[in-house]
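Reading through the structure tokens given below for one structure.
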Amino acid sequence: MINYPHKKTTTIKHSNQQVGRQQAVDFGRRGMSFESQIVKVNEYYLASQKAVIHKKPTPVQIVKVDYPKRSAATITEGYFKTPSTTDFNGIYRGVYVDFEAKETTNKTSFPLVNVHAHQMKHIFAVAEHGGLAFLLVKFSVLDEIYLLTSDTLLSFWQEYEKGDRKSLKREEIMTSGYLVPSNTYPSVDYLKVVDEIINNKAFKDGY
């Protein structure tokens, strides 16, 4: 569901032919609170001239609009034109940054079903072309946020596609990922981790 305008709900459905049936999407229940948090952090980065990183717009085909009054047109039905890639992209310290942000209420693992195959394909493609691509995972109950680079995700995703795993254990994420500072200002200072990655010589080999 999206609110546009005056907090009136709008149903958006997938129109991709590969989707077996049209699926309504409730944005309010799928990590929007974490995404909104990242949006605010990015606004701070932009205002402080630290980085230019934005949430990608999702292309939507509008098919029905209601006009309850002249001042409030309400989109009541629309469809995603194409599958989205990742949530955010931009530039920081001369490096192209591209990432997806996901949230889970699970305390012990992150279900990989929460990430779409086309999103992971995009992350790996960005890394192959020299960009810094990663996944931000928030354990909302524990209030912990981790950054997983594309090279770390690759082996896990390959196992997932083979059916050898269904999730990433929290212990695996703690070992192979980076803990993002979340008790500072901005609230999710993920660029501190990005600094560490960029400063690491291994970044020259691609992430």
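Only the coordinates and a few stated rules stand behind these numbers; no lab work does. Small disclaimer: the values here were computed from a predicted structure and weren't measured. FYI the Cβ positions are ideal-geometry reconstructions off the backbone, even for glycines, and counts take in every protein chain you see.
Summary of packing: across the peptides 163-173, 90-100, the per-residue average of other C-beta atoms within 10 Å ranks them, highest first, as 90-100, 163-173. Structural size metrics of region 112-207, computed from C-alpha coordinates, are Rg and Dmax of 13.5, 41 Å. Only residues of region 170-186 count here: report those whose backbone N is under 18 Å from the spot 7 Å along Cα→Cβ of residue 107, or say none. Label zone hits: 170-174. For the listed residue pairs 166/192; 50/138; 162/192; 55/166; 102/166, the alpha carbons are over 26 angstrom apart in 166/192; 162/192; 55/166. Note on residue 162 and residue 55: the model spin-label points, each 7 Å out from Cα along the C-beta direction, lie 3.7 nm apart. Between residue 172 and residue 118, how high is the FRET efficiency from 1/(1 + (r/R0)^6) when r is the Cβ-Cβ distance and R₀ = 22 Å? Nearest 0.05. Step by step, r from the Cβ atoms, then E = 0.40. In this structure, the pairs whose alpha-carbon distance is over 31 Å, taken from 40/107; 64/169; 64/121, are 64/169; 64/121.
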